[in-house]
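Enquirer: Following this message is one structure expressed as structure tokens.
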Amino acid sequence: MFLLGHSCWSYLISKLTGRKLQANLSAWLAFLSGILPDFDIYFRPILAHHTWTHSILILLPISLILSIRFGRVGIAFSIGILSHLLTDSLVGTIPVLYPFSDQTIGLNLGIPSIADTTLETGALFAVLLLAYNNKDYLLITRPNKKSLWLIVPLYALLTLSVLFAGDNGISLANFAFSRKAFTLITIGHVILAGLLALGVVQGTRAVISEVRHPNSPRTPSQIPTTKP
Ligand SMILES: [Zn+2]
């Protein structure tokens, strides 16, 4: 699955888990958690893509440690990380017991495929609905210092896409618009990156206004914005 789907599915699953557990996982962490297993792209060629970081034997202990250390927020974040394995195994396969076995499992619905396009763009649509419902949309509609954190998933989304394309000798523009199935996914990536970038702008505005009016009784960042 592409980063669009990973990021959107992890937002949905970790935010809904957080709501169940009454833990307020920040939006930037919810978007980031699902992309983390693909951070192996940053460490190529030391780490082969789709190996160590896509093994349940590695991710499960990490998730347990995070859950014990950070409690309910850690559980919600960990579920976001693990969602990566679920979504990758739907459209492809994952080496679930790596490094002890190279055996891969998954439904392998295909990438690109109609199924993948539906899963990725459908998740983006669901993110928009959930973000409206849980008030996370306020992160991009008004100045808020918390919104600055959205730069982290945005940075990961952009750099991983460029690195992945570079590693595979692909011209990003050709790749993005080469097939019909990719077109919707490309638009989805642009929309998600645009929304995250808007959040970064709102975060920057909040910081600037705080610097200009340090004694303001109620800065925009103090206005409560989100619920789990
Ligand atoms: Zn992956």
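Enquirer: Before we move on, is residue 35 modelled with pLDDT of 95 or more, touching a His at 6+ places or on another chain (Cβ under 6 Å) and within 30 Å of residue 138 (Cα to Cα)?
Expert: Taking the combined requirement at face value, the residue satisfies it.
Enquirer: Looking at the structure I just gave you, is residue 65 away from the ligand (no atom under 16 Å from the Cβ), surrounded by fewer than 16 Cβ atoms within 10 Å (Cβ to Cβ) and farther than 21 Å from residue 200 by Cβ?
Expert: yes
Enquirer: Now a separate question. Name every residue in segment 6-36 that is small (Gly, Ala, Ser) and within 16 Å of the ligand (Cβ to nearest atom), in order of residue number.
Expert: 7, 10, 33, 34 - these are the residues of segment 6-36 that are small (Gly, Ala, Ser) and within 16 Å of the ligand (Cβ to nearest atom).
Enquirer: Can I ask one more? Looking at segment 70-112, which of its residues are under 24 Å from residue 26 (Cα atoms), surrounded by fewer than 19 Cβ atoms within 10 Å (Cβ to Cβ), away from the ligand (no atom under 12 Å from the Cβ) and among the hydrophobic types (A, V, I, L, M, F, W, C)?
Expert: 70 - this is the single residue of segment 70-112 that is under 24 Å from residue 26 (Cα atoms), surrounded by fewer than 19 Cβ atoms within 10 Å (Cβ to Cβ), away from the ligand (no atom under 12 Å from the Cβ) and among the hydrophobic types (A, V, I, L, M, F, W, C).
Enquirer: Being out of contact with any Ser or Thr (no Cβ under 8 Å at 6 or more places or on another chain) and part of a loop (DSSP other than H, G, I, E, B) is the filter here; which residues of segment 95-119 pass it?
Expert: 100, 101, 102, 103, 109, 110, 111, 112, 113, listed by residue number.
The values are calculated or read from the model by the stated rules, or taken from the named source; none is laboratory data. Small disclaimer: the values here were computed from a predicted structure and weren't measured. Cβ: placed from backbone, ideal geometry, glycine included. Neighbour counts: every protein chain shown.
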